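See below for the structure under consideration.
FYI, it's all coordinate maths here, none of it is from the lab. Given the structure is predicted, the values throughout are model-derived calculations rather than measurements. Positions of Cβ are generated from backbone atoms using ideal geometry, with glycine treated the same way; all protein chains shown enter the neighbour counts.
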Amino acid sequence: MTDRAHTVAVEPTYILAPSLLAADFSRLGDEANAVASEADWLHVDVMDNHYVPNLTIGLPVVDSLRKATALPLDCHLMIESPDRWAIGYAEVGAYNVTFHAETTANPVGLARDLRAAGTKAGLAIDRDTPVEPYLDILPYFDTLLIMTIKAGFGGQEFMPEMLDKVRAARRHIAGGHLELRLEVDGGIDDRTIVEAAEAGADAFVAGTAVYGNGDPAVAASALRRALSRVPGFGTRGTGGNHHA
Ligand code: DX5
Ligand code: ZN
């Protein structure tokens, strides 16, 4: 048996983050825990009916979710004025707080504030936003989320042309020896997850593919199985590793 005191937390090869957006909102706690054995993070889409037309959940729900599941909460803020609201998500215990590059004039300042508040900081790049202008500020971030759809709704079709941004970001991350997760979000299923992984992504959000029909744990495990066929992605353990 391993002496836990001497065990070094090993960074998983990749992160699977089921998105609650496609779950049954009347049973969010149960839906979160249904994927506990297969998920690394739980992706929570916060939409404000301003930055995106859709309206989903906000701070009180994230606060409640934090108490309902041990999974790290990966909060994706699709909101205006993240400078005003993002810190609240750190304060209620989000693991990672991602805001959109399009929504603030001072992404570095906000990233610093998030880290100071004890959470990881994420930068999201929407469909119509190039990634190049943001490459130089990546050292201030723990995650870079490349949208593979237009942010706002689940169930949209994956846009393979977005993978050029993933490739450019991966080259930059590798060249600069940066330590951050490269996350993709939108239209991820057991086929597109492989394309995204081959382009350089190492964190994968999936809503419809996990919660769309049937048992979400089985669906999440199918995504893992698809990834296991990608070179370099086969070494992941059996899920539930929350140390990343
Ligand atoms: C949409 C959200 C996504 C959404 C993805 O703007 O950011 O996280 O849940 O849903 P699917 O996986 O159905 O495309
Ligand atoms: Zn999202």
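Where residues in the range 135-164 are more than 16 Å from ligand 1 (Cβ to nearest atom) and not in a helix (DSSP H, G or I), which of them is farthest from the chain's Cα centre (by Cα)?
The residue in question is Phe141.
Over 25 Å from Leu21 (Cβ atoms) and either touching a helix residue (DSSP H, G or I) at 6+ places or on another chain (Cβ under 6 Å) or not in a helix (DSSP H, G or I) (or both): does that describe Arg171? I'd like the intermediate steps shown before the answer.
Numbers: over 25 Å from Leu21 (Cβ atoms): yes; either touching a helix residue (DSSP H, G or I) at 6+ places or on another chain (Cβ under 6 Å) or not in a helix (DSSP H, G or I) (or both): no.
When the stated conditions are applied, Arg171 does not pass them.
Do you know which residues across the range 125-136 are closer than 20 Å to Met78 by Cβ and exposed (fewer than 14 other Cβ atoms within 10 Å of the Cβ)?
Within the range 125-136, the subset closer than 20 Å to Met78 by Cβ is 125-131, 133-134.
Scanning the range 125-136 gives Asp128, Pro130, Pro133.
Which condition breaks for Val52 when tested against (1) over 15 Å from the mean Cα position of the chain (by Cα); (2) not in a loop (DSSP other than H, G, I, E, B)?
Exception for Val52: condition (2).
Does Trp41 qualify as being more than 14 Å from ligand 2 (Cβ to nearest atom) and of a type in the set (Phe, Trp, Tyr)? Walk me through how you get there before you give the answer.
Details: more than 14 Å from ligand 2 (Cβ to nearest atom): no; of a type in the set (Phe, Trp, Tyr): yes.
No.
Given the conditions (1) more than 15 Å from ligand 1 (Cβ to nearest atom); (2) over 15 Å from Glu38 (Cα atoms); (3) without any contact (Cβ under 8 Å) to a residue 12 or more places away in the chain; (4) not aromatic (Phe, Trp, Tyr), which single one is not true for Asn213?
(1)
What is the one condition in (1) of a type outside the set (Asp, Glu); (2) assigned to a helix (DSSP H, G or I); (3) away from ligand 2 (no atom under 16 Å from the Cβ); (4) over 16 Å from Ala17 (Cβ atoms) that Ala217 does not satisfy?
The single condition Ala217 does not satisfy is (4).
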